[in-house]
Every structure is written in structure tokens, then in C-alpha cells.
1. Name every residue in the stretch 132-159 that is in a helix (DSSP H, G or I) and either among the acidic types (Asp, Glu) or open to solvent by 50 Å² or more (accessible area, probe 1.4 Å) (or both), in order of residue number.
2. Look through the stretch 183-222, keep the residues that are open to solvent by 30 Å² or more (accessible area, probe 1.4 Å) and of a type in the set (Ser, Thr, Tyr), and return whichever of them is modelled with the highest pLDDT.
3. Among 66, 48, which is farther than 17 Å from residue 179 by Cβ and surrounded by 14 or more Cβ atoms within 10 Å (Cβ to Cβ)?
4. From the list 58, 79, pick out the single residue that is farther than 23 Å from residue 205 by Cβ, in contact with a helix residue (DSSP H, G or I) (Cβ under 6 Å, 6 or more places away or on another chain) and of a type outside the set (Asp, Glu).
5. Evaluate the following for residue 162: is it within 18 Å of residue 86 (Cβ to Cβ) and surrounded by 20 or more Cβ atoms within 10 Å (Cβ to Cβ)?
6. Filter the stretch 183-202 down to the residues that are assigned to a strand (DSSP E or B) and among the hydrophobic types (A, V, I, L, M, F, W, C) and list them by number.
7. Take the residues in the stretch 172-182 that are open to solvent by 40 Å² or more (accessible area, probe 1.4 Å) and in a loop (DSSP other than H, G, I, E, B), then tell me which one is modelled with the highest pLDDT.
Amino acid sequence: MRQGIFFLLIMLAAGFSRAEGAPLPKRHEVLGQARHLLDNWSISYVMGGNKLGDVRDCEACNQCLGLKKPDKDSRLRACPTCASCSLDCSHFTYEVFKLAGLRATYLTTSLMNSLGPDSLLKNYSLVDVGSRSQRALPGDLLVYDGHVVMLEKKHPNGLGDIIHVTSGRDLRGPGLGIQRERHVAIDQYRGPLLRVLRHADLVRELRDFTLSRSRLSDAKTE
């Protein structure tokens, strides 16, 4: 597995634009699940929130937050009902991978930044792609100090669209914790970009696609 990962990264260094347009069903499913949560779930950001509840659970959480307006760090204490339906940034990415049918084990953003590549791969099925935004692909996790987002789309000049759960200043109110932000500066969105993480299943899928394209090209030249 590790040799395959290193081979893949070398291959991609010369052809990221081609990989971004590749027919990769697992990566498309990950992005589809992130968009589905964005478009269909009225859920609030709560630090420590870790559950997608039903409509009544979500509405009860949203109503409590709207009434009490607690600080973002004390929302779960002020509104215990939010334990039945709320997410924070890292639980959101965990839910996306799980809903997409990929192996998912929850970890905090602190662990995303502090664990070594071997531990990330063995225990969490995440591959450390480095800290260069040029290597990031849609479906990857962009990890900052205390925050993680999912890259949805890349644009020229280091810009990208992201989907994440946030309590940021642009949040309009309870129930709108899942946000899309367009054309953000990836390298400095929430301070410096510290790590790009890719799910191991997406690495395998992209490796297999790259190898198949290489074999097809070789066959055509024979």
C-alpha cells in the first residue's frame, strides 16, 4: 500500500489537472454526500456535536440556540438537546466519508495535525499528501490550526471552493452550520494550510486509474 501511495504521488506531481477530471466514482460519491448534507440538512455548528438527528431533533437544537444564543464554545452545555443533532468541523468530514461508504474512524483536527503519516494511514485510513495546496484534489481534507474543511473544487491561482461546518462570522443563524465558501485562498484560509489529507480509498482509486491510463497509453504506442 505504501509503495502504491508514493508511486501515485510521483505520478500526480506531473498531472494534477488530468486527475481532477478523471471518472472516479468514489471521489464523486464523497463530494455528492458533502453536497447532500449542505443542501438538505438544517443543522447547527456545535463544538463536540457528533450526530445527524431527525428533523425534530435538529429543529429542537436550532430553536434552543436561537433562543439562548450561547457562545460557540458553550453551546452543548447551554442546549443539551443539541446532542441529538449537531456537528462540528471534524465530525462533518467523518460523516461524509461514512455516508460515502468509506472506512471512517473519527479523529479531531488536533490529531489530524499531530499524528505521523504511518499512524494516520494505519488507524484512520488517511494519507498525508503534504501541505502544498497544489497537491490537493476535490474530496481532500484541508487541515488548519483548529479547523478542517473539504475541498469541493479547485480554481486557478491557489483558490478553491470548500464545504465545511463552521461557526464563523458569516454564519447567518442556527440551522446553517454547513456552509459552502467559494474562491477561498486555500493556503491561508484559516491561517496557514498545515496538511492535506486524502482518504486511502481515494488514493487507491486514483492510483488504479492512473495505472490503467498509463497501460492504455503504452498499448497505443506499441
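The values are calculated or read from the model by the stated rules, or taken from the named source; none is laboratory data. This structure is a prediction, so every number in the text was calculated from the model and none was measured. No Cβ is skipped: glycine too gets one built from the backbone with ideal geometry, and neighbour counts run over all protein chains shown. Surface areas here come from the heavy atoms of the whole protein model, side chains and all, with no ligands, DNA or RNA. Shrake-Rupley method; radii C 1.70, N 1.55, O 1.52, S 1.80 Å.
1. Initial filter on the stretch 132-159 (in a helix (DSSP H, G or I)): 133-135.
If the condition is that a residue be in a helix (DSSP H, G or I) and either among the acidic types (Asp, Glu) or open to solvent by 50 Å² or more (accessible area, probe 1.4 Å) (or both), then 134, 135 are the ones that fit.
2. 189
3. Working: 66 fails: surrounded by 14 or more Cβ atoms within 10 Å (Cβ to Cβ).
When all the criteria are applied, what remains is 48.
4. Details: 58 fails: in contact with a helix residue (DSSP H, G or I) (Cβ under 6 Å, 6 or more places away or on another chain).
Of the residues listed, the single one that is farther than 23 Å from residue 205 by Cβ, in contact with a helix residue (DSSP H, G or I) (Cβ under 6 Å, 6 or more places away or on another chain) and of a type outside the set (Asp, Glu) is 79.
5. Numbers: within 18 Å of residue 86 (Cβ to Cβ): no; surrounded by 20 or more Cβ atoms within 10 Å (Cβ to Cβ): yes.
No; evaluated as a whole, the condition is false for this residue.
6. We begin by selecting, within the stretch 183-202, every residue assigned to a strand (DSSP E or B); these are 183-185, 189, 191, 195-199.
Matches in the stretch 183-202: 184, 185, 196, 197.
7. Taking the stretch 172-182 first, the residues open to solvent by 40 Å² or more (accessible area, probe 1.4 Å) are 172, 174, 176, 180-182.
From the residues that got through so far, the ones that are in a loop (DSSP other than H, G, I, E, B) too are 172, 174.
Values: 172: 68, 174: 90.
That would be 174.
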